[in-house]
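Below is one structure; the comments refer to it alone.
The values are calculated or read from the model by the stated rules, or taken from the named source; none is laboratory data. Bear in mind the structure is a predicted one, so any value in this text is a computation, not a measurement. As a convention, Cβ positions derive from the backbone with ideal geometry for all residues, glycine included, and neighbour counts pool all protein chains shown.
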Amino acid sequence: MDPNILFSHQTENRSGAASSIVSSNKSEDEGSLKNPSYSRSFNDVNPEFEDDGLSDSDDFSDGDDLSDTAIEAFHIDNEEDLPEHACAYCGIHACNSVVQCKHCEKWFCNSKGSSTSSHIITHLVMSKHNSVALHPDSELGDDTLECYHCGNKNVFVLGLISAKSEAVMVMLCRLPCSQAKDSRWDSTEWQALIENREFVSWIAHKPTEEDSINCRMISNSQIAKLEAKWRLNKDATIADVDNVEEEDEKVEPILLRYEDAYGHQRAFGPLVQREADCDKALKESQALEHISVRWSIALNNKHLASFALSTFESSSLKVAVGDEMILRYAGVGHAPWEGKGFIIRTPSSHQEEFTLELIDTKTPPPTTLTTDFTAEFVWKGTPYERMQNALRSFAVDPKSVSAYLYKRLLGHQIEQEVEFDVSLPQKVSVTGYAELNLSQANAVKAVLKKPLSLIQGPPGTGKTVTSATIVYHLTKLNAKEKILVCAPSNVAVDHLAEKLESLGLNIVRLTARSREDVDCSVEHLSLNNLVAKNAVGELKKLLKLRGELGELSAEDTTTFFRLFRKKERAILKNADVVCCTCIGAGDIRLHNMTFSAVLIDEVTQASEPECLVPIVHGAKQVILVGDHQQLGPVILDKRAAEAGLKQSLFERLIHLNHIPIRLEVQYRMNPCLAEFASNMFYEGDLHSGVTKEDRRMSSKFPWPVPDTPMMFWANYGREEISATGTSYLNRIEAMNCERVITRLFREGVKPEQIGVITPYEGQRAYIVSYMTMNGSMDKDLYLDVEVASVDAFQGREKDFIVFSCARANEGQNIGFLRDPRRLNVALTRAKYGLIVLGNPRTLKKNHLWNQLLLHFRENGCLVEGPLDNLQLSSAPLENFAKNFRANKHRQEYEQYGFAASTIQGGSTIHDYDTASLVSFVPGSDVSFARGNSSVYPAFFNKNMWPSIADSYDGKDNKKNEGQSAGDDSDSETEKKYNLDRQINSAFSGKLDKMDERLAQTLKAMNLNGGFGNRFG
């Protein structure tokens, strides 16, 4: 007997026997759905969740869009005749095809229309809703979809599973219920309700052609506007969107050169304002209701309020330590209360709570109450105000920078290069400190003589050591001058401050007042601690009194702040080096202070206005240290990013033919791990200062090639949508990630030596949960393994890295993974070993990933099968016009022309993509750079910038498609491909058995896929 589609809902005993599992409201004779098909359509294309620069989430975005002008002809004649359950987007109202959102009670269909997601899924994602019900007249009745065990109604985590002893299917949430050990069903057969961005057909049908005849065609932009209208007026309709003529504000792109600083300010000012508005809207939308609070007292006697949020709530929050928050209570049994404070702790693998340190007020917090609190984040425009101030200062204050830097930063031609008349030390390495290699020593010598220098530091090449050495010599060469050392992030600044302190320099670490109570490695160098340590007389007495009483009288408070600020100024005046973030350089405490030399580390992660904040303190010498082949600035506003705000100052200066000095020796990775990055991103110039023996750990981990600690483990699970609806996860990869980590534990590797990188927040959260629930070793071991995004690992390293790609779909859409800079960072974090978990079928259609797969295959490290019995994978890869080969020796690079002088001042930065820029080596001819044309993906080809011989977007792409369609050898390989060998777990084996069409459609997928990647 074939199983009926049955699911549990609102039963009194969710944990009862299997016999308590109930069917849908309708009987079989009344049309209950039978014989569900488990096959997936390989003709549907998965949507892209494009990365807009955010470190830990995916932006919901559809693919192709019908233009609004093309849509205008498609309107339903009689809107008022539509039934109440008609799709709020398109008007389709077939009962079996529509689903009701339980949050807003609007109906939506399961049709994708012009989008790559069905209308109901699009609405749920854009509105951040997640609970639905079916139509009363549908085949399954008017059920609200929920988990049989726990009642979870979030459809993004729900799925169906067959009961063993009954001909029924049970609805369970992905975690924890589907993973709970239960003899009544096989947890490995759990199948998500949502596939390919639409509900599976036995929940909601796809509308038929007849159902769609009179439907309204709606564009993605119209949907976005309608959703925005609903936030203000829940009764708004598509007609309200059509009747509003919205004039989009014109956003001027950033130029390559500027005639004067006024033009520079007029270009960047509006973009900074757009970014501020976007950040403000995002922050203010993060209100939290009905939260439970746990109260405690901090060591400084301040009240702490800790609260945990659900995964659905917390994953969409953008919260950082130091953010200000308002906590309110307006419940029953207590007078209304409101308090302000700063976030001092965010969730980690060991704890799930946000912790708020409250500012002392006359009204104490209601610590006897723990529920029904509300919270909202306070937006602070300080960073944007400081950027705008820096832009204005650069434009109007002639003392903000030297005349040379003024011209250089604007892109003016300099007739004669300027060098400082300084006496360089014979030996630049600092005694008792790290010995510099040749490229580092040359970089230090070159920088000390020039007013403007760019240093490119590929992964593991010692940027921080080089920067610290430069700062040391600057303090010795200019004893009377102060040095300002900055970076975009507090972590990077703290790391630099540590290095500088070890050189014996007088360092002051300036932090925002909201972060003064945050623990850090250089807390003893912070300005407030230095004031307390060096306080004497009345200030010392007031500090002691304030600590004992918690507050001072009004008169004492005035005296205290006057003396405290005076002491701050004295300490800053006597410092050799002040360390702060780029935005921190705009602090009022540095007002009127001049810094002749400014060094900015990780400069490619900062926008240009952010970099200007430290520079306009009277800089005569600027050193920018970064790597444009790694991650760039995080820009929230898409139009500001497209206009050029996402381009760093470092990159614009490269466009202006300012040649960066590259550090060429890496000391982090086993040479085999550095080889691909060197050839793909650094023209083969990244050499290893460590040997294989230096980076070898004695263990029995099953590396495919024993002396080559890397592998690409082919995983053939399916991607699923995460709990938020805006990210992805892959259960097979998470399962195998746990197996890899458990095996490393058994080989004696400690948790802190392991890092797990994934671009998707959904996968990150699932891996953490899965390991703690299913890992065979001590739970605390798995909690100590850091699982984070690519962005979180920038500038860091671990002994072993597991990289989970997560993406696996028939449309070969890979979203975040398309970014070459993101891939470069992920591949270059490991010192001793790298394991990549991914689906070659999906990844191979991207040229960059295909080259990586070829690299692993050529080294015998592309494998599949069980971890203890890995076999070489025979998965067919793409045969592009030219294939990259990772040589073990220096390649003979082709030359290509670059006439920098032909770039006119009117050109916009939007015309160029410096993520693709080759890096230059000192002494090379400006008009030529060494590079292998086959090394770079198609998006590296930008007009008027170094041209790449092969284009994969146009004619050549079509040729490749044709070749692929007619390549008998590839077809035969696909036919002969043993699917059983592809499976590396019993779970994915069962998935493929359920999908009878898989084997037949694999070939069609390859033949019709072509080069389906869009770079942009």
Out of Ala487, Ala512, Ala468, sole residue that is more than 30 Å from Ser688 (Cα to Cα) and of a type in the set (A, V, I, L, M, F, W, C): Ala512
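Per-residue answers, yes or no, for (1) among the polar types (S, T, N, Q); (2) surrounded by 15 or more Cβ atoms within 10 Å (Cβ to Cβ); (3) not in a loop (DSSP other than H, G, I, E, B):
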| residue | (1), (2), (3) |
| --- | --- |
| Lys234 | no, no, no |
| Asp240 | no, no, yes |
| His264 | no, yes, yes |
| Pro270 | no, yes, yes |
| Arg274 | no, yes, yes |
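Take the residues in region 124-171 that are among the aliphatic types (A, V, I, L, M) and part of a loop (DSSP other than H, G, I, E, B); name whichever of them is surrounded by the fewest Cβ atoms within 10 Å (Cβ to Cβ). Working first, answer last.
The first filter runs over region 124-171 and keeps only residues among the aliphatic types (A, V, I, L, M), leaving 124-126, 132-134, 140, 145, 155, 157-158, 160-161, 163, 167-171.
With part of a loop (DSSP other than H, G, I, E, B) added as a condition, the list becomes 140, 145, 167-168.
Numbers: Leu140: 23, Leu145: 22, Ala167: 13, Val168: 21.
Here the residue is Ala167.
Taking helices (runs of 4 or more DSSP H) that fall entirely within region 527-623, which contain at least 1 residues that are more than 31 Å from the chain's Cα centre (by Cα) and polar (S, T, N, Q)?
Where helices (runs of 4 or more DSSP H) fall fully within region 527-623 and carry at least 1 residues being more than 31 Å from the chain's Cα centre (by Cα) and polar (S, T, N, Q), they are 527-534, 554-574.
Against the definition (on the phi < 0 side of the Ramachandran plot and crowded, with 20+ Cβ neighbours inside 10 Å), how does Val491 come out, yes or no? It would help to see each step written out before you state the result.
Details: on the phi < 0 side of the Ramachandran plot: yes; crowded, with 20+ Cβ neighbours inside 10 Å: no.
Against the criterion (on the phi < 0 side of the Ramachandran plot and crowded, with 20+ Cβ neighbours inside 10 Å), Val491 does not qualify.
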Filter result (surrounded by 21 or more Cβ atoms within 10 Å (Cβ to Cβ) and among the aliphatic types (A, V, I, L, M)) within region 201-225: Ile203, Ala204, Ile218, Ile223
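Please give the helices (runs of 4 or more DSSP H) falling wholly within region 709-822 in which 2 or more residues are at pLDDT below 95.
Values: elements: 731-746, 761-774, 779-783, 790-793.
Here the list reads 761-774, 779-783, 790-793.
Return yes when Asn715 is under 23 Å from the mean Cα position of the chain (by Cα) and surrounded by 24 or more Cβ atoms within 10 Å (Cβ to Cβ) and no when it is not. Quick ask: steps written out before the conclusion?
Numbers: under 23 Å from the mean Cα position of the chain (by Cα): yes; surrounded by 24 or more Cβ atoms within 10 Å (Cβ to Cβ): yes.
Judged against the criteria, Asn715 is a match.
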Residues within region 742-761 that are free of Cβ contacts under 8 Å to residues at least 60 places away in the same chain, touching a Ser or Thr at 6+ places or on another chain (Cβ under 7 Å) and either surrounded by 17 or more Cβ atoms within 10 Å (Cβ to Cβ) or within 19 Å of Ala723 (Cα to Cα) (or both), tallied: 3
In region 276-294, residue nearest to Asp323 (Cα to Cα) [restricted to those that are of a type outside the set (A, V, I, L, M), touching a strand residue (DSSP E or B) at 6+ places or on another chain (Cβ under 6 Å) and not in a loop (DSSP other than H, G, I, E, B)]: Lys283
Every pair of residues 6+ apart whose Cβ atoms lie under 7 Å, when the first sits in region 551-570 and is in the same structural domain as Lys540 (by TED's automatic domain parsing) while the second is of a type in the set (Lys, Arg) and surrounded by 12 or more Cβ atoms within 10 Å (Cβ to Cβ): Leu552/Arg546; Phe560/Arg546; Glu568/Arg589
Failed condition for His290, given (1) in contact with a Cys (Cβ under 7 Å, 6 or more places away or on another chain); (2) at positive phi: (1)
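Report yes if some residue within region 207-222 is touching a strand residue (DSSP E or B) at 6+ places or on another chain (Cβ under 7 Å), over 30 Å from Gly341 (Cα atoms) and assigned to a strand (DSSP E or B); otherwise report no. Give the steps one after another, and end with the answer.
Initial filter on region 207-222 (touching a strand residue (DSSP E or B) at 6+ places or on another chain (Cβ under 7 Å)): 207.
From what is left, the residues that are over 30 Å from Gly341 (Cα atoms) are 207.
When the remaining residues are screened for being assigned to a strand (DSSP E or B), the result is none.
The answer is no, given that none of the residues of region 207-222 is touching a strand residue (DSSP E or B) at 6+ places or on another chain (Cβ under 7 Å), over 30 Å from Gly341 (Cα atoms) and assigned to a strand (DSSP E or B).
Can you confirm whether Thr466 is assigned by TED's automatic domain parsing to the domain that holds Gly626 and in contact with a strand residue (DSSP E or B) (Cβ under 9 Å, 6 or more places away or on another chain)? Give the derivation first.
On the way: assigned by TED's automatic domain parsing to the domain that holds Gly626: yes; in contact with a strand residue (DSSP E or B) (Cβ under 9 Å, 6 or more places away or on another chain): yes.
Against the criterion (assigned by TED's automatic domain parsing to the domain that holds Gly626 and in contact with a strand residue (DSSP E or B) (Cβ under 9 Å, 6 or more places away or on another chain)), Thr466 qualifies.
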Pairs where the first residue, in region 836-863, is in the same structural domain as Ile732 (by TED's automatic domain parsing) and outside any helix (DSSP H, G or I) and the second is of a type in the set (Val, Ile, Thr) and buried (at least 23 other Cβ atoms within 10 Å of the Cβ), C-beta under 7 Å, 6+ apart: Leu837/Val802; Asn846/Ile814
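Residue-by-condition table, conditions (1) outside the structural domain of Glu719 (by TED's automatic domain parsing); (2) within 27 Å of Ile92 (Cβ to Cβ); (3) modelled with pLDDT of 90 or more:
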{"residue": "Leu124", "(1), (2), (3)": "yes, yes, yes"}
{"residue": "Leu140", "(1), (2), (3)": "yes, yes, no"}
{"residue": "His149", "(1), (2), (3)": "yes, no, no"}
{"residue": "Asp186", "(1), (2), (3)": "yes, no, no"}
Condition check for Gln456: under 29 Å from Ala830 (Cα atoms), out of contact with any helix residue (DSSP H, G or I) (no Cβ under 8 Å at 6 or more places or on another chain) and buried (at least 21 other Cβ atoms within 10 Å of the Cβ): yes
Per-region count, region 304-333, residues over 24 Å from the mean Cα position of the chain (by Cα), farther than 30 Å from Asp784 by Cβ and either in the same structural domain as Glu548 (by TED's automatic domain parsing) or at pLDDT 85 or above (or both): 5
